[in-house]
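Quick notes on the structure that follows.
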Amino acid sequence: MNLSLLILLPVLTSLAILVVRDAKQVRVVALLGSLLQLALVGWLTLAYVNARNAGAAAQFLFEQRTVWFSAFNIQYYVGVDGISVAMIGLTALVVLAGVLVSWKVEKMTKEYFFLLLFLAAGAYGFFMSLDLFVMFFFLEVAVIPKFLLIAIWGSGRKEYSANKLALMLMGGSALVFVGLLAIFFYNSSPTFDLVALSQSHIPLAVQHKFFPLLFLGFGVFGALFPFHTWVPDGHSSAPTAASMFLAGISMKLGGYGCLRVATYLMPEAAHEYQWIIILLSAIAILYGAFATMMQTDLKYINAYSSVSHCGFVLLGIGMLSKTAITGAVMQMVSHGLMTALFFAAIGMLYERTHTRIVAQMGGLLKITPFIGTVFFIAGLCSLGLPGLSAFPAEMTVFMGSWQNPDRWYRLATIAACASIVVTAVYILRALGAVMWGELRIADLGLRNENANEVSFGDAEWNEKLAAVILIAGIVLIGVAPFLLQKLVDGGVQEIAQQLTRMAF
Amino acid sequence: MEALNMILAMKFEIALTLLIFILLFLKIDGRANNVFLIRLTNLLLVLNLALGFFGNETQDIFGGMFRTSPLLAIEKSVLNLAVLLISLFSYDWLKKHRHLSEFFILLFSSLLGFFFMLSSGNLLMFYLGLELSTIPLTALCNFDLEKKASSESAFKLIMSSAFSSAILLFGISLIYGATGTIGFSEIAASLSSSQLEVLGFVLFFTGFAFKLSIVPFHLWAADVYEGAPVAITAYLSVVSKGAMAFVFITVLYAVFGKLAITWFYMLTISAAITITIGNLFAIRQQNLKRFFAFSSIAQVGYILIAISSATQIGVASVVYFILIYVFTNLAAFAIISVISSQTGKETVNDYKGLYASNPGLALVMALALFSLAGIPPMAGFFGKLFLLTSGAQTGSWWLIIIASLNLVISLYYYLRIVIVMFADRNSEPLEKIKLTSTVFASLCLCVAGILILGFAGRTFDVILQYAAKL
């Protein structure tokens with residue numbers, strides 16, 4: 001399995017998009033490209049599982065190395081473990097769904113799909129790179145397409161949101177870069193090689209100073225409180241597919257970075273600063289949940305609930321135990337799929353009703369049963385209904401967190417658990433208001449009270465397909481969480497071992 | 001044999017002098033028209049650039065007054081490349097100019113001055129080269145003959161240059177008084193960090209700070225940039241700054257190596273101030289030339305960080321960065337030049353909706369801005385990060401953190417222009433601009449440089465290999 005194919009494919013697709021002539025061809029090329037990506041990722045997953053079953057013991061499989069800048073010891077070095085495979089799979093699903101829901105984009109179609117696929121290339125590269133510089137390269141590759149997608153195709157205060165997002169993420173990556181330089185220079189033969197670094201011991205003084213920079217930097221991407229403020233604005237202004245990418249992929253870059261770089265390479269400092277991480281993520285979980293209750297705009301509702309749900313990811317990482325980290329990884333995948341689905345459903349409704357304000361909608365299930373169902377599935381997943389992906393993920397985080405005997409950490413865990421009640425309140429309220437009850441005609445700009453004469457219909461093939469793909473992922477994880485858990489187990493085990501080996 | 005060696009050692013200078021003479025004879029002859037002259041000059045510039053790749057060895061001639069080395073050859077080639085690109089993209093403006101030959105002759109004289117300055121082995125030669133480069137440059141600033149702003153810019157440049165030269169000379173005289181010599185290697189040998197030497201050095205440094213527009217000696221830059229013709233603005237911001245940065249390295253490392261502690265603090269502190277002030281002022285600029293004046297002030301700050309590292313990797317990073325900067329900044333100036341020469345518009349607001357009317361130009365501009373902001377996969381990302389990486393070698397983390405956070409500020413103002421071009425609507429957009437093949441070629445070269453240089457990791461290795469023989 002050649003991993004570079006996975007970076008090349010989206011890049012080539014985006015270049016092909018630049019070459020073809022009209023919007024129709026652009027869509028077809030983009031769809032073909034993302035289908036191929038999914039196929040490739042499926043193949044990668046199979047190959048990975050087979051290799052592991054056949055007893056491949058190396059930490060990372062399918063490694064590739066080429067010297068890039070020998071002066072700085074920078075190598076193009078990629079490889080995957082279970083965690084990367086899971087994140088890559090998530091990316092492929094969200095990209096395909098994103099391309100499908102963007103089928104109707106009329107404004108600058110070519111540029112739009114170009115940016116979507118370019119962003120995908122950045123995400124794949126980030127999840128598979130084992131050289132910190134290359135990882136940073138891909139992290140930044142993924143920032144600017146988001147900015148442009150929001151600034152050009154967005155709605156509302158789009159320039160403000162786009163700037164806020166780009167600047168906050170760039171600030172985060174500036175901190176990350178300083179942290180990476182510190183890791184690079186601590187020993188006499190500087191290297192960015194993640195595997196080599198993990199086997200060496202970074203001095204405590206370096207860890208003490210630079211762990212906060214790294215964790216904060218990646219934390220900005222992962223909506224760490226109080227650096228989460230780009231999330232609501234960015235999501236609400238972004239076009240549908242960009243929202244899906246933001247929540248489904250970009251926020252995961254942060255969680256993955258916190259886990260793979262900050263925590264993995266600096267275990268002692270992770271223990272030292274553990275209480276801050278847990279405190280901040282507990283605040284994020286509660287604050288996000290309560291903030292959501294006050295929202296009236298569907299996109300804001302989902303964005304703030306994302307802050308809350310991403311808090312679980314950081315909480316799981318902060319607990320530094322194997323179970324909790326497994327939960328965090330599962331929560332990343334689950335939240336990625338679920339939020340993408342939620343944003344897709346909101347986008348579909350918005351396209352039809354031209355409003356996202358909850359109070360202006362009602363009874364939509366009667367007109368758009370398919371979208372309504374999708375909306376319900378996403379909502380129920382969000383509040384943690386068993387059988388859907390969020391339940392096993394959050395459950396694992398709680399289990400792992402509770403294992404930590406510290407009284408305060410248990411308190412944080414209880415607080416986080418309690419947020420589920422709040423989640424249930426806001427989700428059910430929004431679902432009920434939008435889907436049930438009387439059809440709110442006047443606000444929707446429909447012609448008369450007869451539901452048969454509304455000017456819009458139910459989901460079309462592309463929207464249905466996108467929803468089905470994401471729902472399939474959610475249900476699969478919900479029903480058979482052990483598949484995902486087994487996939488990521490090796491990678492998590494390695495990180496957990498590193499955490500115990502170094503600390504005690 | 002020795003004569004041949006001498007010619008080889010001075011081949012850059014000799015070739016350029018020949019070029020000046022050819023233009024001079026054609027001017028006296030008076031029959032050549034502008035288009036022919038431009039084509040001929042561009043052709044000769046290409047040959048001149050190609051010449052730089054052969055027979056570069058380390059040599060000292062004229063009793064150490066003139067030195068040459070592979071690294072110097074690379075630096076001169078970078079400057080040659082920049083001048084070629086400037087000449088290519090200014091085609092529209094040059095074609096209509098009444099005094100074309102004079103323009104080229106002055107331009108090449110200035111470049112010749114920089115070459116002598118780069119190769120200089122003692123302070124006298126250094127000063128001579130500096131003046132040879134500055135005085136034609138002030139005349140060039142005045143070459144938008146109909147515009148008052150152009151004369152104003154020339155006047156401001158000559159005043160500030162004279163002032164900085166005076167300070168520089170004062171510094172040189174103190175150093176001479178303290179050490180009794182003006183030869184670089186002799187000074188290096190006899191420095192003892194006495195107070196007089198430090199004072200002389202500080203004045204010397206100040207002279208450089210003027211030329212490199214390091215804060216607080218940057219105030220002339222914006223006005224001069226705004227008034228000068230675009231071609232000269234580009235020359236000032238790329239060639240002049242690049243050459244001064246190169247010389248700065250030689251002077252600091254090879255001559256004032258013993259004062260390293262002094263200049264380390266001077267460099268790091270002025271780098272932090274320069275980056276921050278440059279960025280903050282760039283935010284509010286409406287005129288694009290002024291905008292790039294401040295943005296290039298900030299870029300110089302990043303160069304200073306790498307220089308402060310005093311390592312070969314630092315030198316290589318600076319050369320690599322300036323090579324990238326040539327492509328990047330000249331791509332932006334090419335767009336400004338084309339639009340300015342055909343429509344006369346130079347402000348940010350004029351670029352509203354540029355993507356709708358001129359998608360190609362807007363794309364190139366966006367690539368250049370992303371590269372300046374350090375966004376991958378553009379080459380500027382690597383250039384800037386390597387500057388910071390080499391700067392981090394000294395362990396001055398406060399500086400690295402300030403510089404990294406400044407990347408965020410700079411991103412804001414570069415993205416502002418991108419938003420203006422791509423997202424805003426314009427009630428009276430620019431008309432569709434036709435590109436001549438010459439301008440098109442320069443844009444292609446720049447874009448190729450921006451996209452390829454970052455992935456060609458070998459380039460950096462080659463530069464580093466030569467930087468080892470400073």
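Details
- Filter result for B:Leu407 (over 30 Å from B:Leu267 (Cβ atoms) and free of Cβ contacts under 8 Å to residues at least 60 places away in the same chain): no
- Of note, B:Gln312 satisfies the criterion of being touching a residue at least 40 places away in the same chain (Cβ under 8 Å) and more than 8 Å from chain A (Cβ to nearest Cβ).
- With respect to (1) within 9 Å of chain B (Cβ to nearest Cβ); (2) within 25 Å of A:Leu36 (Cβ to Cβ); (3) among the small types (Gly, Ala, Ser); (4) in contact (Cβ under 8 Å) with a residue 40 or more places away in the chain, the lone exception for A:Ala174 is condition (2).
- Matching residues in segment A:318-329 - criterion: being of a type in the set (A, V, I, L, M, F, W, C) and either closer than 17 Å to A:Gly234 by Cα or in contact with a Ser or Thr (Cβ under 6 Å, 6 or more places away or on another chain) (or both): A:Met319, A:Ala324
- Residue check, B:Gly395 touching a Lys or Arg at 6+ places or on another chain (Cβ under 6 Å), within 11 Å of chain A (Cβ to nearest Cβ) and small (Gly, Ala, Ser): no
- The set of residues in segment A:188-198 that are of a type in the set (S, T, N, Q) and within 13 Å of chain B (Cβ to nearest Cβ) comprises A:Ser188, A:Thr191.
- Breaking point among (1) part of a helix (DSSP H, G or I); (2) touching a residue at least 12 places away in the same chain (Cβ under 8 Å), for A:Thr373: (2)
- Scanning segment A:43-96 for residues that are outside any helix (DSSP H, G or I), buried (at least 23 other Cβ atoms within 10 Å of the Cβ) and more than 14 Å from every other protein chain (Cβ to nearest Cβ) returns A:Val78, A:Val80, A:Asp81.
- When B:Thr206 is tested against the conditions (1) touching a helix residue (DSSP H, G or I) at 6+ places or on another chain (Cβ under 7 Å); (2) polar (S, T, N, Q); (3) modelled with pLDDT under 90, the lone failure is (3).
- When B:Ser109 is tested against (1) under 20 Å from B:Ser164 (Cβ atoms); (2) free of Cβ contacts under 8 Å to residues at least 12 places away in the same chain, exactly one condition is not met: (2).
- When segment B:374-392 is filtered for residues that are facing another protein chain (nearest Cβ under 9 Å) and within 26 Å of B:Ile336 (Cβ to Cβ), the ones remaining, listed by number, are B:Gly374, B:Ile375, B:Pro376, B:Pro377, B:Phe381, B:Phe382.
- Selected residue (only one of A:Phe137, A:Phe184, A:Phe192, A:Phe147 is farther than 20 Å from B:Tyr412 by Cβ and free of Cβ contacts under 8 Å to residues at least 40 places away in the same chain): A:Phe137
- Selection over segment A:296-316 of residues that are in contact with a Ser or Thr (Cβ under 9 Å, 6 or more places away or on another chain) and surrounded by fewer than 23 Cβ atoms within 10 Å (Cβ to Cβ) gives a count of 2.
- Residue count for segment B:404-440 under the criterion of being more than 9 Å from chain A (Cβ to nearest Cβ), in a helix (DSSP H, G or I) and not hydroxyl-bearing (Ser, Thr, Tyr): the result is 5.
- As a summary of the residue check, A:Val231 satisfies the conditions (1) in contact with a Ser or Thr (Cβ under 9 Å, 6 or more places away or on another chain); (2) among the aliphatic types (A, V, I, L, M); (3) within 11 Å of another protein chain (Cβ to nearest Cβ) except for the one numbered (3).
- Residue that is farthest from B:Asn5 (Cα to Cα) [pool: residues in segment B:19-61 that are loosely packed, with under 12 Cβ neighbours inside 10 Å and under 24 Å from the mean Cα position of the chain (by Cα)]: B:Leu43
- Members of segment A:178-227 that are within 21 Å of the chain's Cα centre (by Cα) and not aliphatic (A, V, I, L, M): A:Phe215, A:Gly217, A:Phe218, A:Gly219, A:Phe221, A:Gly222, A:Phe225, A:Pro226, A:Phe227
- Meeting the requirement of 1 or more residues that are modelled with pLDDT of 90 or more and surrounded by fewer than 23 Cβ atoms within 10 Å (Cβ to Cβ), the helices (runs of 4 or more DSSP H) wholly within segment B:66-181 are B:70-89, B:100-119, B:123-141, B:148-179.
- Number of the exception - A:Gly179 against (1) surrounded by 23 or more Cβ atoms within 10 Å (Cβ to Cβ); (2) within 14 Å of chain B (Cβ to nearest Cβ); (3) of a type in the set (Gly, Ala, Ser); (4) touching a Lys or Arg at 6+ places or on another chain (Cβ under 8 Å): (4)
- If you check A:Phe245, A:Phe210, A:Phe218 for being crowded, with 23+ Cβ neighbours inside 10 Å, of a type outside the set (Asp, Glu) and within 21 Å of A:Val95 (Cβ to Cβ), only one passes: A:Phe245.
- Test: A:Ser321 is surrounded by 24 or more Cβ atoms within 10 Å (Cβ to Cβ) and among the small types (Gly, Ala, Ser): no
- Just one residue in the set A:Phe391, A:Phe343, A:Phe376 is more than 29 Å from A:Leu320 (Cβ to Cβ) and either surrounded by fewer than 24 Cβ atoms within 10 Å (Cβ to Cβ) or out of contact with any Leu (no Cβ under 9 Å at 6 or more places or on another chain) (or both); that residue is A:Phe376.
- Inclusion of A:Ala151 among residues that are in a helix (DSSP H, G or I) and at pLDDT below 90 is warranted.
- Restricting segment A:131-148 to residues that are within 17 Å of the chain's Cα centre (by Cα) and more than 11 Å from chain B (Cβ to nearest Cβ), the residue that is surrounded by the fewest Cβ atoms within 10 Å (Cβ to Cβ) is A:Lys146.
- Any hit, segment A:104-114, residues being part of a helix (DSSP H, G or I), away from every other protein chain (no Cβ under 14 Å) and under 20 Å from the mean Cα position of the chain (by Cα): yes
- Yes/no for B:Phe370 being under 19 Å from B:Arg290 (Cα atoms) and crowded, with 20+ Cβ neighbours inside 10 Å: yes
Yes or no, residue by residue, for (1) within 30 Å of B:Gln465 (Cβ to Cβ); (2) of a type outside the set (Ser, Thr, Tyr); (3) surrounded by fewer than 24 Cβ atoms within 10 Å (Cβ to Cβ):
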{"site": "B:Phe256", "(1), (2), (3)": "yes, yes, yes"}
{"site": "B:Phe291", "(1), (2), (3)": "no, yes, no"}
{"site": "B:Gln299", "(1), (2), (3)": "yes, yes, no"}
{"site": "B:Ala310", "(1), (2), (3)": "yes, yes, yes"}
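- Residue match in segment A:116-130 (condition: more than 10 Å from every other protein chain (Cβ to nearest Cβ), surrounded by fewer than 23 Cβ atoms within 10 Å (Cβ to Cβ) and out of contact with any Cys (no Cβ under 7 Å at 6 or more places or on another chain)): no
The values are calculated or read from the model by the stated rules, or taken from the named source; none is laboratory data. Owing to the predicted nature of the structure, the values given are computational and were not obtained by experimental measurement. Methodologically, a virtual Cβ is constructed for each residue, glycine included, from the backbone with ideal geometry; neighbour enumeration extends over all protein chains shown.
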